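The values are calculated or read from the model by the stated rules, or taken from the named source; none is laboratory data. This is a predicted model, so every value here is computed, not measured. Heads up, the Cβs are rebuilt from the backbone with ideal geometry, glycines too, and the neighbour counts pull from every protein chain shown. Note: accessible area is taken over every heavy atom of the protein model, side chains too, but ligands, DNA and RNA are not part of it. Shrake-Rupley method; radii C 1.70, N 1.55, O 1.52, S 1.80 Å.
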Amino acid sequence: MASLQIIVFDVCGTACALHRNAAREFLPLPHLWRPPALPRPVAGFFNLGGHAVPVLRLDVLFGLERTDEGAEANLYRHLILIDRLNASGTTALLVDRVLDVVGVVPSQISPVSREGTLNGCVEAEVTWDERLVHLLSVERILLTEEQQALAELGRKAQSRLSEWAVEA
């Protein structure tokens, strides 16, 4: 029986997952720069090899209450880099902690109707480690309008970053 590889992570005590092939890599939380007037779901940007990468706060997007906003909480947060969220390239999802990368079998997966969640962002529920985990669809985490706005913000951040580039 073939298994599905998923990345399990925590957002404000809610267990979520992505398909393993959706993620490029995991990173510890770097210093982010936050230009004025960014929408609340955008935590900021960071420089990854000369590219401005936007960071999305899943807690804000999903309306989850964060109880610990201290600097110490940031020590354990992770970024999940993904390439398919918007047309402008790489985006990072800010999560409290990546918990595991696991294989699940079909008997552990229960489909969720697209109408059951905003924009159909939850494609299934997965039973993992005696917990119910929301398997997210990377392509549907943001609405089309949000994807377009994020792409425009990314272009502006890239332009600003490019203005400060120094030739070696």
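Within this structure, THR144 passes the test of being open to solvent by 50 Å² or more (accessible area, probe 1.4 Å) and not aliphatic (A, V, I, L, M). Listed by position, the strands (runs of 3 or more DSSP E) inside segment 18-119 whose residues that are open to solvent by less than 40 Å² (accessible area, probe 1.4 Å) and over 26 Å from LEU161 (Cα atoms) number at least 1 are 97-104.
Against the definition (modelled with pLDDT of 95 or more, farther than 30 Å from SER107 by Cβ and of a type outside the set (A, V, I, L, M, F, W, C)), how does GLY70 come out, yes or no? Considered against the rule, which asks whether it is modelled with pLDDT of 95 or more, farther than 30 Å from SER107 by Cβ and of a type outside the set (A, V, I, L, M, F, W, C), GLY70 comes out as no.
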